[in-house]
Amino acid sequence: MATPAAFTESIPEQLALSGDWTARGLGAIGRQLEAVSAPASSTMVVDAARIEAFDTAGAWVLQKLLRRLRGGTGGVRVRDLRPEFTRLLEAVAPQTMDQMAPSPPAPAPSSTLDRLGRRVVAAGAQGMDLLGFVGEIAVAFAGGVAHPARIRWRPILYNLRSAGFDALPIVGLLSFLLGIVVAYQGADQLRQYGANIFIADLVGLSMLREFAPLITAIIIAGRSGSAYAAQIGTMSVTEEIDALRTLGIAPLDLLVLPKILALAIALPLLTVFADLLGVFGGMLMARAQLGVGFGEFLDRFVKAVSVTAYLIGICKAPAFAIIIAVIGCFQGFRTHGGADSVGRQTTRSVVQSIFLVIVADALFSVAFSALDL
């Protein structure tokens with residue numbers, strides 16, 4: 001049976017320790033030692049000759065006591081501690097010093113200008129990384145064109161189905177509702193001037209030139225762009241990307257290029273589908289609110305909407321597709337750590353994709369206006 005650890009203050013300058021200084025023998029001695037004080041002007045002697053057993057728990061308690069006594073006296077000297085106990089006490093000493101060391105002072109709060117500068121620097125570094133990633137994609141694409149055997153058709157077909165065909169219901173529904181909203185909002189204004197037939201101009205030009213490609217790109221950014229970032233991010237966290245490189249498989253060839261090519265094909269087709277459903281929704285609302293029949297609507301629609309307006313909307317789609325796929329894959333490769341990093345990079349991919357799609361749409365509008373298209 002273990003002998004409880006004990007201590008005795010024989011004289012004010014001496015503290016005698018005895019018993020088993022182990023996890024089982026310490027008991028409540030730790031709280032009792034808190035009351036021990038040392039003379040302020042003389043050396044405190046700790047007599048350890050009667051310690052019968054010693055482990056890391058006892059060494060930690062003793063080291064804590066010695067450290068506290070050193071802070072309130074001229075010195076502390078341990079006497080007659082067995083050599084094996086001395087080695088254990090010295091082994092515990094660095095850890096105890098780290099645990100007892102005061103915490104570093106909290107950094108001074110940064111100013112608003114400092115935080116803004118750090119964010120600008122981080123954004124610039126991320127922009128440079130994105131530019132380098134685009135260059136790597138261009139090199140990989142050029143290698144695929146030079147060596148068509150390197151193109152992986154199975155992943156391309158899979159991404160065509162997942163990003164294109166599987167997205168038809170949500171794209172069609174939202175485009176149909178958007179066509180209804182556009183026609184409904186314009187109906188009251190056109191009715192006031194007796195210009196009911198011009199609802200075809202409003203719905204046709206707005207849907208084909210702007211709304212259909214834009215709403216389709218935003219849906220795909222939230223649906224497929226986030227999936228790209230989550231898939232590649234999870235592979236990065238689980239070290240599957242490193243495994244691919246070890247096997248001699250280029251991650252860009254397997255994971256990035258098929259997604260970009262598939263989305264560049266799927267998004268224009270989805271835009272055409274959105275055009276049809278959006279115009280159909282506008283036709284239904286024009287008939288219900290303005291009494292414009294389907295035949296009258298289509299006659300005016302053919303005259304008001306040129307092939308150029310239709311092609312302008314279609315031509316935006318590949319650019320939007322490249323933006324969405326590149327940003328999604330880029331944020332996926334930037335994932336490091338654990339599951340929280342996957343969610344964070346997925347969110348960033350969606351936000352950045354939608355932002356850049358809207359910026360690109362604005363630039364297209366400026367360019368087409370300058371070209372008088």
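Residue pairs whose Cβ atoms lie under 7 Å apart, sitting 6 or more positions apart in sequence or on different chains, and linking a residue in segment 159-182 that is in contact (Cβ under 8 Å) with a residue 60 or more places away in the chain to a partner that is charged (D, E, K, R), are 159/259; 167/223.
Scanning segment 326-353 for residues that are surrounded by fewer than 20 Cβ atoms within 10 Å (Cβ to Cβ), of a type outside the set (Lys, Arg) and in a helix (DSSP H, G or I) gives 339, 340, 341, 343, 347, 351. Among residues of segment 46-59 that are closer than 11 Å to residue 79 by Cα, those with a beta-carbon under 6 Å from a residue that is of a type in the set (Ser, Thr, Tyr) at least six positions away or on a different chain give the pairs 50/18.
Grab the helices (runs of 4 or more DSSP H) fully contained in segment 102-212, keeping just those with 1 or more residues being exposed (fewer than 13 other Cβ atoms within 10 Å of the Cβ). Filter on segment 102-212 gives 112-146, 153-163, 168-192.
Only helices (runs of 4 or more DSSP H) whose full extent lies in segment 232-325 are considered here, and the ones with at least 3 residues that are out of contact with any Lys or Arg (no Cβ under 9 Å at 6 or more places or on another chain), closer than 27 Å to residue 130 by Cα and in contact (Cβ under 8 Å) with a residue 60 or more places away in the chain are 257-290.
Values quoted throughout were computed directly from the atomic coordinates according to the rules given, and no laboratory measurement underlies them. Because the structure is predicted, anything quoted here is derived from the model rather than measured. In this analysis, Cβ positions are derived from the backbone assuming ideal geometry, glycine residues included, and neighbour counts consider all displayed protein chains.
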